[in-house]
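Data first, discussion second: the structure below is written as structure tokens.
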Amino acid sequence: MSETSHTRATPLSQSLLMVLATAAAVVAAFFGSGAVGGTDMQEAVGGWLGADATPLAPASGAFRIWSVIYLGLVGYALWQLSTTARGSARQHRLRLWAILSVVLNAVWLWVVQLGWLGVSVLVMLMLLAVLVRILLLMEASPAQSRVERLLTDGTFGLYLGWICVATAANIAAWLGSLGTEGFQAWEAATVSVIAAVTALGIALGLWTNGRIAPALSLAWGLAWIVEARNQGSFESPLLVVAAGVAAGLVLVAPLAVPWIRLAKESASARRAKRARKPASASAAGDSQ
């Protein structure tokens, strides 16, 4: 039996649940943007999620990536109704985690609207853990088609990379709201956090054998931190350089995987060649 097949297709109810959960997340996003009555995220929770609220806050343009992520999630949800997805063993393992990810996203938006910044950190951490779990499941079995690779690996890869940045920014906002005495030594602390996020991004790129989607959204978030630190309360040439270098390193890591693999193969071939030489010389001596 192939990796993609079941003895029985997933019940249609699970696929419909994915569609409904995604629809709820999209509605919550519209509400959270202030477009249909909610408070804009830049103004919610006392403005602590605004672009100039903390040293780790990205500029407002960074949030455009949600349009791409939501588009991918909608495509993924609709694809779940297909017989291909419903009969896929891989999707069977992923589906409930995917549903949980969009539910947590909607919960985060509503929690922020209610002004519960500390609770939003907990929800964000849970969302990050769920997305890491999805990555592990995707790594355990490869996509079986370009459509699946785009809608599953592409969508949830972008989702994970962005949430890595968003989690750091969310925690910084919460700490700021508690009163950190003006973020004493904020430049050094922020550089340390950026370094940790960068290390995570590089590790993801290398461990996943060169997945580019998480790197793209993670680098996107870091680039918008560069933009935000060019002006405002936390203007900092040091952070501009740190976040800019970090974005480059995160992007280079997955792109370097083929070269690293080639270097390892070349080194192995050289070692094997050297190992054969003494054996050949010994055989020649015995024949004499």
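Restricting the stretch 141-165 to residues that are at pLDDT 95 or above and aliphatic (A, V, I, L, M), which is surrounded by the fewest Cβ atoms within 10 Å (Cβ to Cβ)? Checked the stretch 141-165; the qualifying residue surrounded by the fewest Cβ atoms within 10 Å (Cβ to Cβ) is 147. Hey, could you check the stretch 11-33 for residues that are at pLDDT 75 or above, of a type in the set (Ser, Thr, Tyr) and closer than 28 Å to residue 68 by Cβ and say which is surrounded by the fewest Cβ atoms within 10 Å (Cβ to Cβ)? Top of the filtered list is 15.
Could you tell me which of the residues 134, 163 is under 22 Å from residue 71 (Cα atoms) and either in contact with a Phe, Trp or Tyr (Cβ under 7 Å, 6 or more places away or on another chain) or basic (Lys, Arg) (or both)? So the residue among 134, 163 that is under 22 Å from residue 71 (Cα atoms) and either in contact with a Phe, Trp or Tyr (Cβ under 7 Å, 6 or more places away or on another chain) or basic (Lys, Arg) (or both) is 134.
Residue 161 meets the conditions (1) in contact with a Cys (Cβ under 8 Å, 6 or more places away or on another chain); (2) touching a residue at least 60 places away in the same chain (Cβ under 8 Å) in every case but one. The failed one is (1). For residue 64, state whether it is among the basic types (Lys, Arg) and farther than 23 Å from residue 166 by Cα. Criteria not met by residue 64. Listed by first and then second residue, the pairs linking a residue in the stretch 250-262 that is without any contact (Cβ under 8 Å) to a residue 40 or more places away in the chain to a residue that is among the polar types (S, T, N, Q) and not in a helix (DSSP H, G or I), with Cβ atoms under 8 Å apart and 6 or more places separating them unless they lie on different chains, form an empty list.
Tell me the residue from 96, 104 that is without any contact (Cβ under 8 Å) to a residue 60 or more places away in the chain and either among the aromatic types (Phe, Trp, Tyr) or touching a helix residue (DSSP H, G or I) at 6+ places or on another chain (Cβ under 8 Å) (or both), please. Steps first, please.
On the way: 96 fails: without any contact (Cβ under 8 Å) to a residue 60 or more places away in the chain.
Testing whether each residue is without any contact (Cβ under 8 Å) to a residue 60 or more places away in the chain and either among the aromatic types (Phe, Trp, Tyr) or touching a helix residue (DSSP H, G or I) at 6+ places or on another chain (Cβ under 8 Å) (or both) leaves just 104.
In the stretch 189-216, what residues are of a type in the set (A, V, I, L, M, F, W, C) and either touching a strand residue (DSSP E or B) at 6+ places or on another chain (Cβ under 9 Å) or not in a helix (DSSP H, G or I) (or both)? Across the stretch 189-216, the qualifying residue is only 212.
The values are calculated or read from the model by the stated rules, or taken from the named source; none is laboratory data. This one's a predicted model, so the numbers in the text were calculated from it and none came from an experiment. FYI the Cβ positions are ideal-geometry reconstructions off the backbone, even for glycines, and counts take in every protein chain you see.
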